[in-house]
Each structure stands twice: as structure tokens, then as C-alpha cells.
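The structure appears right after this line, and notes come after that.
The values are calculated or read from the model by the stated rules, or taken from the named source; none is laboratory data. Bear in mind that the values here come from a model prediction, so they are computed numbers and not experimental data. A quick note on method: Cβ atoms are made from the backbone with ideal geometry, for glycine too, and the neighbour counts reach across all protein chains shown. We work out accessible area using only protein heavy atoms, side chains counted, and drop any ligands, DNA or RNA first. Shrake-Rupley method; radii C 1.70, N 1.55, O 1.52, S 1.80 Å.
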Amino acid sequence: MKKIIDFICYIFKFILSPPFCLYCRSYLYDYTVLCQGCSNLIKPILSIKLKNPDIDVYAISDYKDPIKPLILAKTYSDRTASISLAYLIWRYTILSKLEFDYLVPVPLHFIRESIRGYNQAEVIAKELAFLSGKTMLKCIKRIKKTKLQSRLSSVERQDNVKNVFQALDLKNIDIEGKTFVLVDDLITTGATLKNCAKALSKFKPKKIYGIVGCRVCS
């Protein structure tokens with residue numbers, strides 16, 4: 001009986017809210033993020049290694065269509081785009097094969113988060129936690145309001161996020177010597193991830209990975 005009810009609910013959902021590709025907007029036969037044609041447009045890229053501290057960073061693709069619009073959607077507070085981005089990260093990156101303990105979203109300053117209504121990195125991390133069965137842990141905070149990285153040069157970006165992240169004083173959590181995955185939507189110079197990783201050093205991590213939707217390659 002439950003299977004019949006679930007099937008009926010699915011049919012009603014399909015009729016009332018039919019699935020469509022989030023890039024080309026064509027209708028789909030099931031609830032996926034992109035149609036097959038748009039999925040074929042995704043060009044995988046190699047991981048990179050950031051230094052001091054060492055972080056292996058994985059991304060779906062370069063900062064181009066069809067993934068780019070899902071990242072830009074945060075400018076008009078489209079939370080569902082971040083959820084969809086998480087599913088694409090799970091499908092197209094190596095994250096599902098990695099051994100790790102905690103997913104750590106890159107924090108926003110509370111003023112910027114209140115204006116936007118959410119932290120896109122946290123939304124992505126929550127969905128990845130659901131998909132992986134791992135724990136999302138908010139263990140670092142941003143203690144200074146900074147300029148938007150997208151408006152700065154490479155050198156300015158390094159200085160802009162220097163010493164702006166701080167590890168939280170967490171109690172009753174087995175956190176030392178664990179493997180962390182820093183989660184964000186986009187990486188350009190890597191300055192933000194590196195400074196987040198420096199804050200995580202308080203917990204004497206075994207390993208730190210970075211996972212993002214896109215990486216700016218040029």
C-alpha cells in the first residue's frame with residue numbers, strides 16, 4: 001500500500017511541478033539537475049594542491065556554463081541552486097570516494113549572511129552531509145567583515161582574508177586528528193580556503209581537502 005501511495009504522490013508532484021533542466025529549462029523525465037545534453041557540456045578539470053597548509057582541492061569544472069549560473073544564483077538568494085550544486089558535486093567529483101570525518105562550510109560574515117538570507121557554502125555542505133552520511137561541522141567563524149573577493153586582484157585577495165577566520169572552542173566533540181573537507185561554491189586564488197585551513201590547524205587535522213562547485217582556471 002505504501003508503494004502505491006508513494007507512486008501516486010510522485011505522479012501528482014510530476015504533474016504539478018514537472019522537472020526541468022536548470023540550465024536550458026527543457027522538461028525532463030525525472031528529477032535531475034541537468035538534462036543529458038547540458039550534462040555533456042560539463043568539462044571535468046584536474047584537482048589542484050594548495051600549499052601552506054597543504055589542501056587537495058576538487059571541483060566539478062572550470063567557472064563556465066552550465067555550472068556557472070548555479071553559483072551566480074546566490075546574488076539573488078536562490079537557495080535551491082546551492083542544493084542542486086551539491087548534487088552535482090557529489091556526482092562529478094571524487095568526494096564520494098574520499099575518506100573523511102567532517103564537512104566544514106566556509107563561513108560568511110554574519111552581516112553578509114543576514115543580507116543574503118543564507119550561506120551558500122553551508123547549504124551545499126548540508127546536502128553533501130545528507131548524501132555522504134557524514135557530519136557537517138561549523139567549527140570556524142569569520143571574525144572580520146571583508147571586501148568581496150570578486151572585486152579584488154590576486155594580491156589583494158590574499159590580504160583581504162588574512163587572519164579573518166577563527167576556530168571555535170568546541171567541547172564534547174571528537175575533533176582532533178580528523179580529516180576535514182572545506183566546502184565552498186567557488187575557488188579563484190585559493191586564499192579563502194588556505195586561511196580557513198590555517199584556522200582548522202587548531203584541531204591538529206590529519207588531512208584537509210577542499211571541495212567546490214567551480215574553479216576559475218583563467
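Computed values, structure above
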| read-out | value |
| --- | --- |
| The range 84-129, residues that are basic (Lys, Arg), modelled with pLDDT of 95 or more and more than 13 Å from residue 58 (Cα to Cα) | 126 |
| Residue 156 being in contact with a Lys or Arg (Cβ under 9 Å, 6 or more places away or on another chain) and among the charged types (D, E, K, R) | yes |
| Which listed residue is surrounded by fewer than 14 Cβ atoms within 10 Å (Cβ to Cβ), free of Cβ contacts under 8 Å to residues at least 60 places away in the same chain and not in a loop (DSSP other than H, G, I, E, B), from 155, 123 | 155 |
| Residue 134 vs. criteria farther than 18 Å from residue 90 by Cβ, at pLDDT 90 or above and open to solvent by 70 Å² or more (accessible area, probe 1.4 Å) | no |
| Per-region count, the range 168-185, residues crowded, with 23+ Cβ neighbours inside 10 Å and either among the aliphatic types (A, V, I, L, M) or without any contact (Cβ under 8 Å) to a residue 24 or more places away in the chain (or both) | 3 |
| The one condition in (1) hydroxyl-bearing (Ser, Thr, Tyr); (2) in contact with a Leu (Cβ under 8 Å, 6 or more places away or on another chain); (3) closer than 25 Å to residue 178 by Cβ that residue 23 fails to fulfil | (3) |
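Yes or no, residue by residue, for (1) closer than 19 Å to residue 214 by Cβ; (2) part of a helix (DSSP H, G or I); (3) open to solvent by 50 Å² or more (accessible area, probe 1.4 Å):
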| residue | (1), (2), (3) |
| --- | --- |
| 49 | yes, no, yes |
| 52 | no, no, yes |
| 58 | yes, no, no |
| 70 | yes, yes, no |
| 87 | yes, yes, yes |
| 100 | no, no, no |
| 108 | yes, no, no |
| 128 | yes, yes, no |
